[in-house]
Each structure stands twice: as C-alpha cells, then as structure tokens.
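Chemist: Please see the structure below; I have some questions.
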Amino acid sequence: MVVSMKSLFLPALFAAMAVVAPAAASEISGQWKLHSNIQGHESDFECTLTQTGQDLAGSCKSGQLELKITGKVEEKKLTFQYKTDYEGQELTIVHTGTLETPAKMAGSVDVQPMGVAGEFTAIQANQPAN
C-alpha cells in the first residue's frame, strides 16, 4: 500500500483547523459587564454574547431593559450595536472597539442619528474590575 504525503497532510490539517476554530470563537462568547460613558451619562449592562464565526449576537440587560445586540468580530476588532428609544426617537447605539485581552474589550460608542459619542469598556463577568 502506497501512502502519499498529501493523503497524510490533509487529514492532519483539517484536524488542526477543528481544534483552532472553536478556541477563536469562544474569545468573545460569554457573560460580560459593559460600562459606557456617553457625554457624562454613564450606564452599566450585563451582556450575554455569542460569537459564531465573525458574527456576534446576544443581549444586554440593565434593570427591566433588555436589548438585542448584533455585531461582527474580526481578529481583535469588534463592532456591535443595539436599538433603543429615547423620548420617542429610535436610536442605534454602535460600539466599536478591540479585544485588549481575552477578558477585556474597550472602544468608542456612537449614538446614531444624533452623532453623540462616548466610550465603553467591558470585562468578562467572572473577572475583577480594574
């Protein structure tokens, strides 16, 4: 029986990809504590995020308010958004940032269509606040 290097290499490559892919997907997935400051107005949310490939989904809660989020993750850069209502006007709150460590992300917040900006930080729920 003749076995080529190609026939040995491909199964090994696919096996390695299967091990690496779930690890990358779990970097963002989980419970997060999100803090934002938008022009002096601070808010805190408990978020549940799920990353599937480059897609990000989940929800964030603060008191009785629960917001559905959607977004994208590409390597260490991420963006996610949710819609909310302020005095009868629908707003889209867009977070753009980076994963600074596997347990911390930070970046900017843009309130559309108002053009108001701020910043956010988030830590995994099981991590101490810094």
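Coordinate-derived values only; no laboratory data. These figures come from a predicted structure and were not determined experimentally. We place every Cβ from the backbone using ideal geometry, glycine too, and count neighbours over all the protein chains shown.
Chemist: Using the Cβ atoms and a cut-off under 13 Å, what net charge is assigned to the surroundings of A106, where Lys and Arg are +1 and Asp and Glu are -1? Present the calculation step by step, with values, prior to reporting the outcome.
Modeler: Working: positive: K33, K76, K77, K104; negative: E100, E119.
Within the 13 Å Cβ shell, the charges total +2.
Chemist: Sticking with this one: Could you work out how much longer the chain between T101 and K33 gets when fully extended? Use 0.36 nm per residue separation minus the Cα distance between them, nm to one decimal. Numbers along the way, then the final one.
Modeler: Values: separation 68, 0.36 × 68 = 24.48 nm, distance 1.45 nm.
Stretched out fully, the T101 to K33 stretch lengthens by 23.0 nm.
Chemist: Within region 89-112, whose backbone N sits under 18 Å from a point 7 Å along Cα→Cβ of S62?
Modeler: The answer is 89-97, 105-112.
Chemist: Points 7 angstrom from Cα along the Cβ direction at Q112 and H41: gap in nanometres?
Modeler: Taking the two extended label points, one gets 1.8 nm.
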